[in-house]
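Everything below concerns the one structure shown next.
The values are calculated or read from the model by the stated rules, or taken from the named source; none is laboratory data. This one's a predicted model, so the numbers in the text were calculated from it and none came from an experiment. Cβ coordinates were reconstructed from backbone atoms using ideal geometry, including for glycine residues, and neighbour counts include every protein chain displayed. Ligands, DNA and RNA are stripped out before the accessible areas are found, and what is left, the full protein with its side chains, is counted by its heavy atoms. Shrake-Rupley method; radii C 1.70, N 1.55, O 1.52, S 1.80 Å.
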Amino acid sequence: MSETLYDALRESHEIQRSLCRKLLRSKPGTAARADVFKQLRVELAALEAAEERYLYVPMLVDDMGLNASRHALHEHHELDELVEDLQVTDKSGSSWMATAKKLSEKVHHHLREEEKKFFQVSGKIISEAQKVKLAKSYRRDYERMRRTYAEK
Ligand SMILES: [Fe+2]
Ligand SMILES: [Fe+2]
């Protein structure tokens, strides 16, 4: 069986879950914390971009997918704002960690909602052939966006 868009997205979701765990376990003031934060920042931004283009655009143009995709794009924006709050030089304080926890909770909530609800909504909108084709487009764009955001 060929890989579908949902297989590819689930794989990216696992990377995010694992990076969130590592971030919450990181020690204040270490290079490791800054490094894990950067990895998570790049992953979140790249996944959001490629997912918006290849999962949510096809959903948005169908009446059945309008509410779900709108909701998801709003959550992407909320995640971006938390990342922005965390992007400060001093990452050692307790308020920084409190925001990191909030980000991790929001990431987990968002991924769960996508996997349990939005993938099913999208599955009714796009054809089987499109699911395979979109997986390839998604992967190509996700890799490209990872490189783009890693340089920022
Ligand atoms: Fe998402
Ligand atoms: Fe996602």
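Some points to look at:
- Restricting attention to region 69-97, the residues that are at pLDDT below 95 and within 18 Å of residue 9 (Cα to Cα) add up to 0.
- Listed by first and then second residue, the pairs linking a residue in region 103-118 that is of a type outside the set (A, V, I, L, M) to a residue that is part of a helix (DSSP H, G or I) and near ligand 2 (Cβ under 9 Å from one of its atoms), with Cβ atoms under 6 Å apart and 6 or more places separating them unless they lie on different chains, are 118/72.
- Taking the listed residues 107, 88, 57, the one that is open to solvent by 20 Å² or more (accessible area, probe 1.4 Å), aliphatic (A, V, I, L, M) and either touching a Leu at 6+ places or on another chain (Cβ under 8 Å) or within 26 Å of residue 125 (Cβ to Cβ) (or both) is 57, with no other qualifying.
- Among (1) assigned to a loop (DSSP other than H, G, I, E, B); (2) over 22 Å from residue 32 (Cα atoms), the one test that residue 59 misses: (1)
- Checking each residue in region 22-37 for being outside any loop (DSSP other than H, G, I, E, B) and free of Cβ contacts under 8 Å to residues at least 12 places away in the same chain picks out 25, 31, 32, 35.
- Residue selection: residue 8 satisfies the criterion of being within 11 Å of ligand 2 (Cβ to nearest atom), within 14 Å of residue 119 (Cα to Cα), part of a helix (DSSP H, G or I) and touching a Phe, Trp or Tyr at 6+ places or on another chain (Cβ under 7 Å).
Table: residues versus (1) closer than 12 Å to residue 10 by Cα; (2) in a helix (DSSP H, G or I); (3) of a type in the set (Lys, Arg); (4) within 14 Å of ligand 2 (Cβ to nearest atom).
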site: 99; (1), (2), (3), (4): no, yes, no, no
site: 104; (1), (2), (3), (4): no, yes, no, no
site: 107; (1), (2), (3), (4): no, yes, no, yes
site: 117; (1), (2), (3), (4): no, yes, yes, yes
site: 121; (1), (2), (3), (4): no, yes, no, yes
site: 129; (1), (2), (3), (4): no, yes, no, no
site: 133; (1), (2), (3), (4): no, yes, yes, no
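- Enumeration of residues in region 91-104 that are polar (S, T, N, Q), over 18 Å from residue 47 (Cα atoms) and surrounded by 15 or more Cβ atoms within 10 Å (Cβ to Cβ): 99
- Of all residue pairs spaced 6 or more apart or on separate chains, those with beta-carbon atoms under 6 Å, a first member in region 44-56 that is under 23 Å from residue 86 (Cα atoms) and a second member that is near ligand 2 (Cβ under 9 Å from one of its atoms) and in a helix (DSSP H, G or I) are 47/12; 48/76.
- Residue match in region 64-74 (condition: more than 13 Å from ligand 2 (Cβ to nearest atom), open to solvent by 20 Å² or more (accessible area, probe 1.4 Å) and touching a residue at least 60 places away in the same chain (Cβ under 8 Å)): yes
- Here is the figure for region 1-48: residues that are surrounded by fewer than 19 Cβ atoms within 10 Å (Cβ to Cβ), within 30 Å of residue 128 (Cα to Cα) and more than 16 Å from ligand 1 (Cβ to nearest atom) total 4.
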